[in-house]
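Here's the structure we're looking at; comments come further down.
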Amino acid sequence: MRPREFAPGVYAIGYQDWDRRLFDALIPLPDGTSYNSYVVKGSEKAVLIETVDHSPEASAAFLNNLTLLGIQKLDYVIANHAEPDHSGTLAQVLARFPEAKVLCTERCRGMLIDLHAIDAGRFQPVADGAVVSLGDRTLVFIHAAWVHWPETMFTYLREEALLFSCDFLGAHLATTDLFATDEARVYEAARRYYAEIMMPFRTSIQNHLRKLQQYQIKMIAPSHGPVYGRPQFILDAYNHWVNDEPSNTVVLPYVSMHGATHKMVEYLVAALAQRGVTVKRFDLTTVDTGRLASALVDAGTVVIGTPTVLAGPHPLAAYAALLANALRPKARFASIIGSYGWGGKCVEILAGLLPNLKVEMLPTVLAKGTPREADYQALERLAETIAQKHKEAGFK
Ligand SMILES: Cc1cc2nc3c(=O)[nH]c(=O)nc-3n(C[C@H](O)[C@H](O)[C@H](O)COP(=O)(O)O)c2cc1C
Ligand SMILES: [Fe+2]
Ligand SMILES: [Fe+2]
(Lines give C-alpha, C1' and ligand atoms only; values in the text may rest on other atoms or scores of the structure.)
(Ligands and ions follow the chains in the order given, each with its own letter.)
Protein backbone atom coordinates (compact mmCIF):
# COMPACT_ATOMS: atom_id res chain seq x y z
CA MET A 1 0.00 0.00 0.00
CA ARG A 2 1.25 3.51 -0.80
CA PRO A 3 1.57 6.13 1.96
CA ARG A 4 -1.84 7.30 3.17
CA GLU A 5 -2.38 10.36 5.34
CA PHE A 6 -5.06 9.60 7.93
CA ALA A 7 -4.62 12.53 10.32
CA PRO A 8 -2.86 15.84 9.61
CA GLY A 9 0.81 15.02 9.05
CA VAL A 10 0.32 11.36 10.06
CA TYR A 11 0.89 8.70 7.40
CA ALA A 12 0.41 4.93 7.26
CA ILE A 13 3.32 3.44 5.32
CA GLY A 14 3.26 -0.23 6.40
CA TYR A 15 3.03 -3.44 4.41
CA GLN A 16 0.06 -5.75 3.83
CA ASP A 17 1.32 -9.34 3.81
CA TRP A 18 -1.67 -10.86 2.02
CA ASP A 19 -0.19 -14.31 1.44
CA ARG A 20 1.48 -15.09 4.74
CA ARG A 21 -0.19 -18.12 6.29
CA LEU A 22 1.78 -18.77 9.48
CA PHE A 23 3.13 -16.51 12.20
CA ASP A 24 5.81 -17.42 14.75
CA ALA A 25 5.87 -20.83 13.00
CA LEU A 26 2.73 -21.54 15.03
CA ILE A 27 -0.23 -19.24 14.45
CA PRO A 28 -2.40 -19.71 11.36
CA LEU A 29 -3.09 -16.50 9.44
CA PRO A 30 -6.32 -17.10 7.47
CA ASP A 31 -6.43 -13.43 6.44
CA GLY A 32 -2.70 -12.70 6.20
CA THR A 33 -1.40 -9.85 8.32
CA SER A 34 0.08 -6.38 8.08
CA TYR A 35 3.17 -4.77 9.57
CA ASN A 36 2.06 -1.25 10.24
CA SER A 37 4.46 1.63 10.24
CA TYR A 38 3.65 5.29 10.62
CA VAL A 39 5.31 8.61 9.94
CA VAL A 40 4.49 11.75 11.91
CA LYS A 41 5.73 14.99 10.41
CA GLY A 42 5.98 17.83 12.92
CA SER A 43 6.87 21.44 12.10
CA GLU A 44 10.48 20.77 13.15
CA LYS A 45 11.04 17.06 13.30
CA ALA A 46 9.90 13.89 11.58
CA VAL A 47 9.50 10.56 13.27
CA LEU A 48 8.98 7.00 12.07
CA ILE A 49 7.01 4.65 14.30
CA GLU A 50 8.09 1.01 13.83
CA THR A 51 9.51 -0.58 10.70
CA VAL A 52 8.32 -3.80 9.06
CA ASP A 53 9.22 -7.48 8.80
CA HIS A 54 12.56 -8.36 7.21
CA SER A 55 11.06 -10.21 4.22
CA PRO A 56 12.50 -8.70 1.03
CA GLU A 57 9.04 -7.76 -0.29
CA ALA A 58 7.97 -6.04 2.92
CA SER A 59 11.29 -4.21 3.39
CA ALA A 60 11.45 -3.02 -0.23
CA ALA A 61 7.85 -1.74 -0.31
CA PHE A 62 8.26 -0.01 3.02
CA LEU A 63 11.57 1.66 2.15
CA ASN A 64 10.02 2.78 -1.14
CA ASN A 65 7.16 4.37 0.80
CA LEU A 66 9.68 6.50 2.69
CA THR A 67 10.97 7.65 -0.72
CA LEU A 68 7.44 8.27 -2.05
CA LEU A 69 6.74 10.38 1.02
CA GLY A 70 9.86 12.43 0.29
CA ILE A 71 11.46 11.80 3.67
CA GLN A 72 14.97 13.29 3.41
CA LYS A 73 15.72 13.39 7.10
CA LEU A 74 14.38 11.38 10.02
CA ASP A 75 14.99 12.63 13.53
CA TYR A 76 13.65 9.62 15.40
CA VAL A 77 12.57 6.06 14.91
CA ILE A 78 10.25 4.82 17.65
CA ALA A 79 10.42 1.14 18.53
CA ASN A 80 7.41 0.42 20.72
CA HIS A 81 8.25 -3.29 20.49
CA ALA A 82 11.44 -5.18 19.58
CA GLU A 83 9.95 -8.24 17.85
CA PRO A 84 11.40 -8.71 14.34
CA ASP A 85 8.04 -8.35 12.55
CA HIS A 86 8.40 -4.64 13.46
CA SER A 87 12.15 -4.23 13.83
CA GLY A 88 13.18 -6.37 10.86
CA THR A 89 13.97 -3.38 8.66
CA LEU A 90 15.31 -1.13 11.43
CA ALA A 91 18.98 -1.61 10.57
CA GLN A 92 18.30 -0.57 6.96
CA VAL A 93 16.41 2.51 8.07
CA LEU A 94 19.21 3.51 10.44
CA ALA A 95 21.77 3.07 7.67
CA ARG A 96 19.72 5.29 5.35
CA PHE A 97 19.12 7.98 8.00
CA PRO A 98 22.39 8.24 9.94
CA GLU A 99 21.14 11.11 12.12
CA ALA A 100 18.05 9.23 13.38
CA LYS A 101 17.92 8.17 17.03
CA VAL A 102 15.90 5.20 18.21
CA LEU A 103 13.41 6.05 20.96
CA CYS A 104 12.42 3.02 23.02
CA THR A 105 12.42 1.62 26.54
CA GLU A 106 15.74 0.74 28.12
CA ARG A 107 14.78 -2.92 27.91
CA CYS A 108 13.89 -2.61 24.24
CA ARG A 109 17.30 -1.11 23.54
CA GLY A 110 19.00 -4.22 24.94
CA MET A 111 16.75 -6.48 22.91
CA LEU A 112 17.30 -4.58 19.65
CA ILE A 113 21.05 -4.78 20.18
CA ASP A 114 20.74 -8.53 20.85
CA LEU A 115 18.45 -9.15 17.88
CA HIS A 116 20.00 -6.95 15.21
CA ALA A 117 23.45 -5.96 16.51
CA ILE A 118 22.47 -2.30 16.32
CA ASP A 119 25.11 0.17 17.53
CA ALA A 120 24.35 1.13 21.15
CA GLY A 121 25.05 4.78 20.30
CA ARG A 122 21.97 5.00 18.09
CA PHE A 123 19.56 4.79 21.03
CA GLN A 124 17.89 7.42 23.18
CA PRO A 125 15.88 5.46 25.79
CA VAL A 126 12.68 7.13 27.01
CA ALA A 127 11.22 6.93 30.52
CA ASP A 128 7.58 6.25 31.27
CA GLY A 129 5.70 9.51 30.70
CA ALA A 130 8.61 11.14 28.83
CA VAL A 131 7.65 13.78 26.28
CA VAL A 132 9.37 14.57 22.98
CA SER A 133 8.45 17.60 20.88
CA LEU A 134 8.37 17.56 17.09
CA GLY A 135 7.66 21.32 17.00
CA ASP A 136 3.91 21.64 16.68
CA ARG A 137 3.47 17.97 17.66
CA THR A 138 4.09 16.25 20.99
CA LEU A 139 4.76 12.61 21.64
CA VAL A 140 4.21 11.02 25.05
CA PHE A 141 5.65 7.59 25.85
CA ILE A 142 3.62 5.23 27.97
CA HIS A 143 5.47 2.19 29.24
CA ALA A 144 3.30 -0.91 28.96
CA ALA A 145 5.29 -4.03 29.72
CA TRP A 146 4.04 -7.44 28.61
CA VAL A 147 1.94 -6.72 25.58
CA HIS A 148 3.31 -9.20 24.79
CA TRP A 149 7.05 -8.92 25.50
CA PRO A 150 8.67 -7.29 28.54
CA GLU A 151 9.95 -4.20 26.67
CA THR A 152 6.72 -2.89 25.13
CA MET A 153 5.41 0.68 25.27
CA PHE A 154 2.79 2.88 23.60
CA THR A 155 3.33 6.26 21.92
CA TYR A 156 0.64 8.93 22.26
CA LEU A 157 0.41 11.83 19.82
CA ARG A 158 -1.16 14.45 22.04
CA GLU A 159 -2.50 16.97 19.49
CA GLU A 160 -4.42 14.26 17.61
CA ALA A 161 -5.29 12.18 20.70
CA LEU A 162 -3.85 9.29 18.69
CA LEU A 163 -2.44 6.19 20.39
CA PHE A 164 0.16 4.03 18.65
CA SER A 165 -0.37 0.82 20.57
CA CYS A 166 2.16 -1.65 19.05
CA ASP A 167 0.83 -5.23 19.03
CA PHE A 168 -1.71 -4.36 21.72
CA LEU A 169 -5.27 -4.10 20.31
CA GLY A 170 -4.03 -5.33 16.92
CA ALA A 171 -5.34 -7.91 14.49
CA HIS A 172 -3.72 -10.19 11.93
CA LEU A 173 -5.61 -8.92 8.92
CA ALA A 174 -4.37 -7.85 5.50
CA THR A 175 -6.88 -5.38 4.09
CA THR A 176 -7.10 -2.28 1.94
CA ASP A 177 -9.27 -0.71 4.66
CA LEU A 178 -7.16 1.84 6.43
CA PHE A 179 -9.79 2.05 9.17
CA ALA A 180 -11.70 -0.72 10.95
CA THR A 181 -14.91 -0.03 9.04
CA ASP A 182 -16.03 -3.68 8.90
CA GLU A 183 -16.13 -4.02 12.68
CA ALA A 184 -17.60 -7.55 12.68
CA ARG A 185 -14.67 -8.83 10.62
CA VAL A 186 -12.10 -6.93 12.62
CA TYR A 187 -13.67 -8.13 15.87
CA GLU A 188 -13.10 -11.79 14.93
CA ALA A 189 -9.52 -11.14 13.82
CA ALA A 190 -8.73 -9.04 16.90
CA ARG A 191 -10.24 -11.63 19.24
CA ARG A 192 -8.16 -14.35 17.65
CA TYR A 193 -5.10 -12.13 17.92
CA TYR A 194 -5.82 -11.40 21.58
CA ALA A 195 -6.29 -15.13 22.25
CA GLU A 196 -3.06 -16.19 20.59
CA ILE A 197 -0.80 -13.37 21.68
CA MET A 198 -2.21 -11.35 24.55
CA MET A 199 -4.37 -13.69 26.68
CA PRO A 200 -1.49 -14.97 28.86
CA PHE A 201 -0.99 -11.35 30.02
CA ARG A 202 -4.59 -10.67 31.00
CA THR A 203 -3.64 -9.17 34.38
CA SER A 204 -1.07 -6.75 32.93
CA ILE A 205 -3.61 -5.74 30.31
CA GLN A 206 -6.21 -4.91 32.95
CA ASN A 207 -3.67 -2.44 34.38
CA HIS A 208 -2.83 -0.96 30.98
CA LEU A 209 -6.49 -0.42 30.17
CA ARG A 210 -6.91 1.37 33.49
CA LYS A 211 -3.82 3.55 32.83
CA LEU A 212 -5.11 4.51 29.38
CA GLN A 213 -8.29 5.92 30.90
CA GLN A 214 -6.34 9.09 31.80
CA TYR A 215 -5.82 9.79 28.11
CA GLN A 216 -8.33 11.16 25.71
CA ILE A 217 -8.10 8.75 22.77
CA LYS A 218 -9.74 9.60 19.45
CA MET A 219 -7.91 7.06 17.33
CA ILE A 220 -5.78 3.96 17.86
CA ALA A 221 -3.14 2.88 15.37
CA PRO A 222 -1.88 -0.63 16.22
CA SER A 223 1.02 -2.45 14.57
CA HIS A 224 -1.16 -5.07 12.87
CA GLY A 225 -4.53 -4.61 11.17
CA PRO A 226 -6.57 -1.48 10.55
CA VAL A 227 -6.63 1.78 12.51
CA TYR A 228 -9.50 2.24 14.95
CA GLY A 229 -11.38 5.45 14.19
CA ARG A 230 -13.84 4.42 16.89
CA PRO A 231 -11.48 3.30 19.69
CA GLN A 232 -14.30 2.38 22.06
CA PHE A 233 -15.06 -0.59 19.83
CA ILE A 234 -11.73 -2.31 20.54
CA LEU A 235 -11.38 -1.02 24.11
CA ASP A 236 -14.82 -2.45 24.98
CA ALA A 237 -13.87 -5.77 23.38
CA TYR A 238 -10.62 -5.96 25.36
CA ASN A 239 -12.38 -5.00 28.59
CA HIS A 240 -14.74 -7.91 28.01
CA TRP A 241 -11.99 -10.39 27.12
CA VAL A 242 -9.76 -9.56 30.08
CA ASN A 243 -12.46 -9.41 32.75
CA ASP A 244 -12.73 -12.28 35.22
CA GLU A 245 -16.17 -13.48 34.08
CA PRO A 246 -16.25 -16.50 31.78
CA SER A 247 -19.34 -17.27 29.71
CA ASN A 248 -21.69 -20.25 29.83
CA THR A 249 -19.52 -22.09 27.32
CA VAL A 250 -17.60 -25.35 27.20
CA VAL A 251 -14.61 -25.70 24.90
CA LEU A 252 -14.10 -29.31 23.89
CA PRO A 253 -10.95 -30.17 21.95
CA TYR A 254 -10.78 -33.89 21.23
CA VAL A 255 -9.17 -36.62 19.18
CA SER A 256 -10.36 -40.13 18.45
CA MET A 257 -8.54 -42.86 16.52
CA HIS A 258 -11.27 -45.48 16.18
CA GLY A 259 -14.41 -43.60 17.16
CA ALA A 260 -14.99 -44.43 20.85
CA THR A 261 -13.96 -41.02 22.20
CA HIS A 262 -15.87 -39.46 19.32
CA LYS A 263 -19.11 -41.13 20.47
CA MET A 264 -18.53 -39.82 24.00
CA VAL A 265 -17.94 -36.32 22.67
CA GLU A 266 -21.13 -36.45 20.60
CA TYR A 267 -23.11 -37.54 23.64
CA LEU A 268 -21.64 -34.91 25.95
CA VAL A 269 -22.22 -32.12 23.43
CA ALA A 270 -25.90 -33.06 23.16
CA ALA A 271 -26.30 -33.40 26.94
CA LEU A 272 -24.77 -29.96 27.50
CA ALA A 273 -26.74 -28.31 24.72
CA GLN A 274 -29.95 -29.69 26.20
CA ARG A 275 -29.06 -27.86 29.42
CA GLY A 276 -28.50 -24.57 27.60
CA VAL A 277 -24.70 -24.69 27.68
CA THR A 278 -22.92 -23.56 24.51
CA VAL A 279 -20.31 -26.04 23.34
CA LYS A 280 -17.44 -25.30 20.97
CA ARG A 281 -15.94 -28.61 19.91
CA PHE A 282 -12.75 -29.01 17.92
CA ASP A 283 -11.45 -32.13 16.20
CA LEU A 284 -7.73 -31.82 16.91
CA THR A 285 -6.70 -33.62 13.71
CA THR A 286 -7.91 -30.70 11.60
CA VAL A 287 -8.18 -27.85 14.09
CA ASP A 288 -7.25 -24.27 13.31
CA THR A 289 -5.46 -23.48 16.58
CA GLY A 290 -6.44 -19.83 16.24
CA ARG A 291 -10.13 -20.76 16.43
CA LEU A 292 -9.46 -22.99 19.41
CA ALA A 293 -7.54 -20.21 21.17
CA SER A 294 -10.29 -17.71 20.36
CA ALA A 295 -12.90 -20.04 21.87
CA LEU A 296 -10.81 -20.27 25.05
CA VAL A 297 -11.04 -16.49 25.60
CA ASP A 298 -14.22 -16.67 27.66
CA ALA A 299 -14.95 -20.39 28.10
CA GLY A 300 -16.18 -21.40 31.55
CA THR A 301 -15.08 -25.03 31.25
CA VAL A 302 -12.52 -26.92 29.20
CA VAL A 303 -13.12 -30.62 28.51
CA ILE A 304 -10.40 -32.54 26.67
CA GLY A 305 -11.35 -35.76 24.90
CA THR A 306 -8.64 -38.33 24.18
CA PRO A 307 -8.00 -42.04 23.86
CA THR A 308 -5.09 -43.57 25.76
CA VAL A 309 -2.09 -44.01 23.49
CA LEU A 310 1.14 -45.66 24.63
CA ALA A 311 0.04 -45.28 28.25
CA GLY A 312 -0.68 -41.55 27.97
CA PRO A 313 -2.90 -39.07 26.15
CA HIS A 314 -2.89 -38.90 22.37
CA PRO A 315 -0.10 -36.45 21.39
CA LEU A 316 -2.66 -34.10 19.79
CA ALA A 317 -4.55 -33.92 23.09
CA ALA A 318 -1.28 -33.25 24.90
CA TYR A 319 -0.60 -30.45 22.43
CA ALA A 320 -4.03 -28.90 23.07
CA ALA A 321 -3.43 -29.12 26.83
CA LEU A 322 0.02 -27.55 26.51
CA LEU A 323 -1.42 -24.75 24.39
CA ALA A 324 -4.33 -24.09 26.76
CA ASN A 325 -1.93 -24.10 29.70
CA ALA A 326 0.36 -21.57 28.02
CA LEU A 327 -2.52 -19.28 27.03
CA ARG A 328 -3.89 -19.21 30.62
CA PRO A 329 -7.58 -18.75 29.80
CA LYS A 330 -9.95 -17.71 32.58
CA ALA A 331 -11.89 -21.02 32.61
CA ARG A 332 -12.85 -22.18 36.11
CA PHE A 333 -13.59 -25.88 35.51
CA ALA A 334 -12.00 -28.69 33.54
CA SER A 335 -12.52 -32.37 32.84
CA ILE A 336 -11.08 -35.17 30.77
CA ILE A 337 -13.06 -37.81 28.90
CA GLY A 338 -11.95 -40.64 26.65
CA SER A 339 -11.48 -44.29 25.96
CA TYR A 340 -8.74 -46.80 26.77
CA GLY A 341 -7.96 -50.41 25.94
CA TRP A 342 -6.06 -51.82 28.91
CA GLY A 343 -4.62 -49.09 31.11
CA GLY A 344 -2.16 -46.26 31.50
CA LYS A 345 -1.78 -42.83 33.03
CA CYS A 346 -3.65 -40.75 30.50
CA VAL A 347 -5.57 -38.61 33.00
CA GLU A 348 -2.63 -38.02 35.34
CA ILE A 349 -0.34 -37.01 32.47
CA LEU A 350 -2.92 -34.74 30.83
CA ALA A 351 -3.95 -33.07 34.09
CA GLY A 352 -0.26 -32.57 34.85
CA LEU A 353 0.05 -30.49 31.67
CA LEU A 354 -2.43 -27.91 32.98
CA PRO A 355 -0.74 -26.41 36.09
CA ASN A 356 -1.41 -22.80 35.01
CA LEU A 357 -5.15 -23.23 34.80
CA LYS A 358 -6.85 -22.14 37.98
CA VAL A 359 -9.60 -24.70 37.54
CA GLU A 360 -11.59 -27.09 39.65
CA MET A 361 -11.16 -30.54 38.10
CA LEU A 362 -14.55 -32.17 37.58
CA PRO A 363 -14.92 -35.98 37.47
CA THR A 364 -13.36 -37.68 34.46
CA VAL A 365 -15.25 -40.18 32.33
CA LEU A 366 -13.19 -43.03 30.89
CA ALA A 367 -14.75 -45.85 28.87
CA LYS A 368 -13.05 -49.20 28.35
CA GLY A 369 -13.31 -49.60 24.61
CA THR A 370 -16.58 -48.38 23.15
CA PRO A 371 -18.79 -46.43 25.58
CA ARG A 372 -21.72 -48.30 27.15
CA GLU A 373 -24.77 -47.36 29.17
CA ALA A 374 -22.82 -46.73 32.40
CA ASP A 375 -20.40 -44.45 30.51
CA TYR A 376 -23.24 -42.48 28.94
CA GLN A 377 -24.81 -42.08 32.37
CA ALA A 378 -21.48 -40.76 33.67
CA LEU A 379 -21.38 -38.27 30.76
CA GLU A 380 -24.97 -37.23 31.57
CA ARG A 381 -23.87 -36.57 35.17
CA LEU A 382 -20.84 -34.62 33.95
CA ALA A 383 -23.09 -32.45 31.76
CA GLU A 384 -25.39 -31.86 34.71
CA THR A 385 -22.45 -30.94 36.98
CA ILE A 386 -21.06 -28.50 34.41
CA ALA A 387 -24.46 -26.87 33.86
CA GLN A 388 -24.96 -26.55 37.63
CA LYS A 389 -21.46 -25.15 38.24
CA HIS A 390 -21.93 -22.57 35.48
CA LYS A 391 -25.29 -21.57 36.94
CA GLU A 392 -23.95 -21.23 40.49
CA ALA A 393 -21.00 -19.17 39.21
CA GLY A 394 -23.41 -16.93 37.29
CA PHE A 395 -21.85 -17.51 33.84
CA LYS A 396 -23.99 -15.90 31.16
C1 LIG B 1 -1.18 -46.73 18.82
C2 LIG B 1 -2.09 -47.10 19.93
C3 LIG B 1 -1.59 -47.15 21.23
C4 LIG B 1 -2.42 -47.48 22.31
N5 LIG B 1 -1.90 -47.48 23.56
C6 LIG B 1 -2.71 -47.78 24.62
C7 LIG B 1 -2.21 -47.78 25.95
O8 LIG B 1 -1.04 -47.58 26.21
N9 LIG B 1 -3.07 -48.04 26.97
C10 LIG B 1 -4.40 -48.30 26.74
O11 LIG B 1 -5.16 -48.49 27.69
N12 LIG B 1 -4.89 -48.32 25.47
C13 LIG B 1 -4.09 -48.07 24.43
N14 LIG B 1 -4.58 -48.09 23.15
C15 LIG B 1 -5.98 -48.51 22.96
C16 LIG B 1 -6.92 -47.34 22.81
O17 LIG B 1 -6.81 -46.44 23.91
C18 LIG B 1 -8.36 -47.87 22.74
O19 LIG B 1 -8.48 -48.65 21.58
C20 LIG B 1 -9.41 -46.78 22.73
O21 LIG B 1 -10.69 -47.36 22.80
C22 LIG B 1 -9.32 -45.91 21.46
O23 LIG B 1 -10.23 -44.86 21.55
P24 LIG B 1 -10.72 -44.14 20.21
O25 LIG B 1 -11.67 -45.07 19.51
O26 LIG B 1 -11.40 -42.88 20.69
O27 LIG B 1 -9.50 -43.86 19.37
C28 LIG B 1 -3.77 -47.79 22.07
C29 LIG B 1 -4.27 -47.74 20.76
C30 LIG B 1 -3.44 -47.40 19.71
C31 LIG B 1 -4.02 -47.36 18.31
FE1 LIG C 1 4.95 -8.96 18.91
FE1 LIG D 1 3.71 -7.90 15.96
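The values are calculated or read from the model by the stated rules, or taken from the named source; none is laboratory data. Values in this document were obtained by computation on a predicted structure and should not be read as measured data. Using ideal geometry, Cβ is built from the backbone for each residue, glycine included, and neighbour counts are taken over all protein chains shown. The protein model used for the area step is the full one, side chains on, heavy atoms only, and it has no ligands, DNA or RNA in it. Shrake-Rupley method; radii C 1.70, N 1.55, O 1.52, S 1.80 Å.
Run the simple label-point estimate for Asn243 and Thr278 please: 7 Å along Cα→C-beta, distance reported in nm.
1.4
Please compute the per residue accessible area over the chain with all protein chains in place, 1.4 Å probe, rounded to a whole number of Å².
On the way: 16070 Å² over 396 residues.
Averaged over the residues of the chain, the accessible area is 41 Å².
Tell me, what % of the accessible area of segment 288-391 is carbon and sulfur with a 1.4 angstrom probe? Let's see the in-between values first.
On the way: 2620 of 4440 Å².
Here carbon and sulfur together make up 59 percent of the probe-accessible area.
Ignoring any ligand, DNA or RNA, what whole percent of the accessible area of segment 82-163 comes from carbon and sulfur when the probe is 1.4 angstrom? Can you show the working numbers first?
Numbers: 1580 of 3000 Å².
For segment 82-163, the apolar C and S fraction of the accessible surface comes to 53 percent.
Determine the order of Glu44, Glu106, Glu196 by accessible area, beginning with the largest, at a probe radius of 1.4 Å. Before the final figure, lay out each step's value.
Numbers: Glu44 140, Glu106 105, Glu196 35 Å².
Most to least solvent-accessible, the answer reads Glu44, Glu106, Glu196.
Which Cys residues of the chain have no other Cys Cβ less than 4.7 Å away and so no disulfide-compatible partner by this rule?
Cysteines of the chain left without a disulfide-compatible partner: Cys166, Cys346.
Which Cα, out of Leu69, Leu169, Pro246, lies furthest along the positive dipole direction of the chain (beta carbon charges, K/R +1, D/E -1)?
Pro246
Over segment 53-209, what relative contact order in percent results from Cα pairs under 8 Å that are six or more residues apart?
Details: 210 pairs, mean separation 25.6, N = 157.
In percent, rounded to a whole number, it is 16.
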